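A short worksheet on the structure shown next.
The values are calculated or read from the model by the stated rules, or taken from the named source; none is laboratory data. Everything numeric in this text was worked out from a predicted model, so none of it was measured. Positions of Cβ are generated from backbone atoms using ideal geometry, with glycine treated the same way; all protein chains shown enter the neighbour counts. Accessible surface is based on the protein model in full, side chains and every heavy atom, while ligands, DNA and RNA are left aside. Shrake-Rupley method; radii C 1.70, N 1.55, O 1.52, S 1.80 Å.
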Amino acid sequence: MIEKNNFAKGRITGSLQADMTYLNSRLDVDKNFDIIYRVVHIGGKEACMYLIDGFCKDDLVQKLLQYFMDLTPDKMPEDMHGLSKQFTPYVEVDIEDKWDTLVQALLSGMFILLLDGYTKALLIDSRTYPSRGVEEPEKDKTLRGSKDGFVETLVSNTALIRRRIRSTNLHMEMLSAGESSRTDIALCYMSERVDRDFLEEIRKKIQNIKADSLIMNQESLAECLYQRKWYNPFPKFKYTERPDAAAAQVLEGNIVILVDNSPSAMILPTTIFDVIEEADDYYFPPVTGTYLRVTRFLITLLTYLVTPTFLLLINNDRWIPESFSFIMLKEEPNLPLIWQFLVLELAIDGLKLAAINTPNMLSTPLSVMAALVLGEFSVNSGWFSSEVMLYMAFVAIANYTQSNYELGYALKFMRIITLLLTQWFHVWGYIGGILLSVLSVCCNRTVSRKSYMYPLIPFDWKNLKNKLIRRRLPGAMETGGAEKDIRV
């Protein structure tokens, strides 16, 4: 009767044969070759261990089994709690009696031990996931910064942040989402600096996700967390593969979300000024860091304005001053300028996709060929004007001055809209395109439903100055002051 009641409640019965039959049927061990189970004798009792091949450390499991199998009946404790407390020489140990929790723990890589007569199972976290080494990310490189980066293993990523913030206020909260995948998600925040209401809102949203799985990891999670204004292309989240950048955001009171199997961190809430910031701004002196930040901001604006402005001036050549007459087309174009710009916008994306899918050994010769074909030959053939090729080449290269892909494509979409409006409505279309872009930024909201333009809107001069100017790091002291304190 007790066994039936436990089964009805989804708990271990204490009868090893009944528990094994249920678990083997649920896991379908006869068909899944990587689910290993073995019946052994421990202290005069029958026991069964379960593990996933490739997830457990073989040498550790061997030592634990050797220790357990040396136990004699007179030393066996009365329950699993006593076994875990007295005879399990390992750190990460837990006991559990619910089948759902046991199955999830097993599929995530834990070692499970069942004993006859015990109504709880022993869980040993001996997981070791296949992963690459910690190395500098290719996308978020710095000249002077640290050369480590996030990997696809969640525990390694949390350790990289914990290594930089040795504070009891740093919390790493574990959640999971996805009915089938049960993907591990870690919320990283400083308990005394984070917005508690926003944290609770994010926690509830993750817990209430009804998706079957988070196939695309962070992107799937982002779409579940923010479902409003999908048509606004400007990024609502900032991603980084650098532990130092993630740690800095945590210290500023933001929330960093780490998703298992993803080598990057999601930062929220995020404003437009946070998206433009980069780690190199803080690895150089304040003057150099400010120059790099302002230069990147101005070039980002130029990538949006250069081609629509050129199209407007060419369509209204009487507005061009005499001193700038050199920007005029040297030859009459065979194809309208608007079509040249649109075709090149598409061609640049095609080259990016080709570069991603090109094997490394072929990337250099194919890049040279693409440069020749799309450069000199396309101009000589009459398809494109040399001036159009020049400005689009600047736009393509200047897009890489900031590392956020979402921001680059947001500016691309706004640039194409402004080009079309300029072609159709001339100066009023040019002004309307710029106003549409400004409104897209100003009317945008962060995940916390605050202004996307903060600290510009609402205006906060102190924080705005910190965003625009690279100031000295907090706590920095003058050399003379430090010497004076030492003498005292």
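Among the residues of the range 149-194, those that are open to solvent by 60 Å² or more (accessible area, probe 1.4 Å), in a loop (DSSP other than H, G, I, E, B), in contact (Cβ under 8 Å) with a residue 12 or more places away in the chain and farther than 24 Å from residue 220 by Cα comprise 192, 193.
Here is the figure for the range 308-335: residues that are in a loop (DSSP other than H, G, I, E, B) and in contact (Cβ under 8 Å) with a residue 24 or more places away in the chain total 7. In the condition set (1) free of Cβ contacts under 8 Å to residues at least 60 places away in the same chain; (2) closer than 29 Å to residue 349 by Cα; (3) surrounded by fewer than 17 Cβ atoms within 10 Å (Cβ to Cβ), residue 459 is compliant with all but (2).
Listed by first and then second residue, the pairs linking a residue in the range 19-39 that is farther than 19 Å from residue 54 by Cα to a residue that is open to solvent by less than 70 Å² (accessible area, probe 1.4 Å) and not in a helix (DSSP H, G or I), with Cβ atoms under 6 Å apart and 6 or more places separating them unless they lie on different chains, are 19/12; 19/13; 19/114; 20/48; 39/48.
For the range 195-229, what are the residues that are among the aliphatic types (A, V, I, L, M) and free of Cβ contacts under 8 Å to residues at least 60 places away in the same chain? Listed by number, the residues that qualify are 199, 206, 209, 211, 214, 215, 216, 221, 222.
Listed here are the strands (runs of 3 or more DSSP E) enclosed by the range 6-103 that have at least 2 residues being among the β-branched types (Val, Ile, Thr), in contact with a Leu (Cβ under 7 Å, 6 or more places away or on another chain) and open to solvent by less than 30 Å² (accessible area, probe 1.4 Å): 35-42. Among the residues of the range 213-235, the one identified as closer than 20 Å to residue 195 by Cα and touching a helix residue (DSSP H, G or I) at 6+ places or on another chain (Cβ under 7 Å) is 225. Would you call residue 425 outside any helix (DSSP H, G or I) and either surrounded by fewer than 18 Cβ atoms within 10 Å (Cβ to Cβ) or touching a Ser or Thr at 6+ places or on another chain (Cβ under 9 Å) (or both)? For residue 425, the condition - outside any helix (DSSP H, G or I) and either surrounded by fewer than 18 Cβ atoms within 10 Å (Cβ to Cβ) or touching a Ser or Thr at 6+ places or on another chain (Cβ under 9 Å) (or both) - is not met.
On the stretch given as the range 236-248, residues that are of a type outside the set (Ser, Thr, Tyr) and either more than 14 Å from the chain's Cα centre (by Cα) or open to solvent by 10 Å² or more (accessible area, probe 1.4 Å) (or both) total 7.
Looking across the range 316-334, just one residue is modelled with pLDDT of 85 or more and open to solvent by less than 60 Å² (accessible area, probe 1.4 Å), and that is 316. Looking only at the range 385-402, decide whether some residue is open to solvent by 40 Å² or more (accessible area, probe 1.4 Å) and part of a loop (DSSP other than H, G, I, E, B). No: zero hits.
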